[in-house]
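The values are calculated or read from the model by the stated rules, or taken from the named source; none is laboratory data. What you are looking at is a predicted structure, and each value in this text was computed from that prediction instead of being measured. Using ideal geometry, Cβ is built from the backbone for each residue, glycine included, and neighbour counts are taken over all protein chains shown. Surface accessibility is based on the protein's heavy atoms, side chains included, excluding ligands, DNA and RNA. Shrake-Rupley method; radii C 1.70, N 1.55, O 1.52, S 1.80 Å.
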Amino acid sequence: MTTLSIRLEKNWHAIIGGEFDLAQLEQFLQREKELGRNIYPKDAEIFNALNSTRFKDIKIVIIGQDPYPGEEQANGLCFSVRKGKAIPRSLQNIYKEIEAEYPIKMPPHGDLKGWAEQGVLLLNATLTVQQDSPGSHQRKGWERFTDAIIRAVNERRKHVVFVLWGRCAQKTSALIDRERHLVLEASHPSPRSAHRGFLGCGHFRTANDYLIKYGLKPVGWRKI
C-alpha cells in the first residue's frame, strides 16, 4: 500500500475498489516535490473531503475544480480555506447566495468543515495543485479517482443532491442517475460567471427541501 493510500480512510478503499492507481499519482506528486514545487493542500489533508464525510452519511455532493493555489489556503475541501485566510471571492458569492435564501449571516471565515461533518461531500475533481498555478494537476490521474467516487455515490446511495457549478463540475453529470438523485446545475460562483446563473439559483434551499422530502435532516449552512 502506498503512502498516499494510507492517508485515505480504509472504508473508502472498499467502496471504490480497484478503479484507481494511487501509486501513479504518488509518483507524480513526488516528482513535483523533487522539482522544488510547493503542492497544496498539505499531504495529510489531500483526502480531507473523503475522510471528513462518511460514505453512509453523504446527503449532498458539491463538486469543485481543484484546490485554491495560494499559499496555505487549501484544506482539502472544495471552495474551503483554512481559518485565518481571506475568504476567496467564489466563496464570498456562495455566502451571498445562502444569505439571500435564508435569514442568516455567514461566519467571517472560509473553513467549511462544518458542512462536511453534516454530510456534505466537498469534492474537488483534482485533489492537489501546484502553488500559484491553478489547473496544474488536471489530467494527471485525479479525475479518474474522483469519478470513481461519484459513481460509487450514484450507485450505492439514494436521494443524494449533486451540486454542479460550472463546466468542470457539469462534466460529471453523465455519471449521475437523475431518477435516483437530484442534480442542481448553475454557473460557477467565480466573480467572472456568478451573475450568469449562480446568484439567485436557490440551490441551498432546494437541496434542503429535497432532503426533508425524503426524511433526511437538512444542512445547517451556517454551522461551519
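Taking every protein chain into account, the accessible area of the chain amounts to 48 square angstrom per residue (probe 1.4 Å).
If the only charges are +1 at each Lys and Arg Cβ and -1 at each Asp and Glu Cβ, what is the size of the charge dipole of segment 1-148 around the Cα centre, to the nearest 20 debye?
The calculated dipole for segment 1-148 is roughly 180 debye.
With a 10 Å radius around each residue's Cβ, average the other Cβ atoms per peptide and rank 201-211, 129-139, highest first.
Working: 201-211: 18.5, 129-139: 16.0.
Descending mean neighbour count gives 201-211, 129-139.
When every Cα-Cα distance of the chain is counted in 10 angstrom steps from zero, the calculated P(r) takes the values 8, 35, 38, 16, 2, 0 percent. Relative to the globular-protein estimate of 2.2 N^0.38 Å, the Cα radius of gyration of segment 78-148 stands at 1.27. Farthest towards the positive end of the charge dipole of segment 52-190, among the residues Pro69, Ile150, Ser190, is the Cα of Ile150, using unit charges on the Cβ of Lys, Arg, Asp and Glu. Projected label points at Leu35 and His159, each 7 Å from Cα along the beta carbon direction, are separated by 4.8 nanometres.
Of the GluC sites (Glu not before Pro) in segment 132-207, the ones in a loop by DSSP (not H, G, I, E or B) with at most 11 other beta carbons within 10 Å are Glu179. Think of each Lys and Arg Cβ as +1 and each Asp and Glu Cβ as -1; about the Cα centre, that makes the dipole of segment 118-170 roughly 220 debye. In segment 96-224, the portion of solvent-accessible area held by carbon and sulfur atoms comes to 47 percent [1.4 Å probe, whole percent, DNA, RNA and ligands not counted].
In debye, nearest 20: dipole of segment 181-224 around its Cα centre with unit charges on the Cβ of K, R (+) and D, E (-)?
On the way: 7 positive and 2 negative charges, 36 e Å.
For this selection, approximately 180 debye.
In segment 104-197, what is the count of Lys pairs whose alpha carbons are under 26 Å apart, counting only pairs at least 8 residues apart or on separate chains? List each step's numbers first, then the result.
Working: Lys105/Lys113; Lys113/Lys158; Lys113/Lys171; Lys140/Lys171; Lys158/Lys171.
Within segment 104-197, the lysine pair count is 5.
Between segment 188-212 and segment 5-60, what's the alpha-carbon centroid distance in Å? Answer, in whole Å: 28.
D for segment 145-184, whole µm²/s, Stokes-Einstein with Kirkwood Rh over alpha-carbon pairs at 25 °C and 0.890 mPa s: what number?
On the way: Rh = 10.1 Å.
Translational diffusion coefficient: 242 µm²/s.
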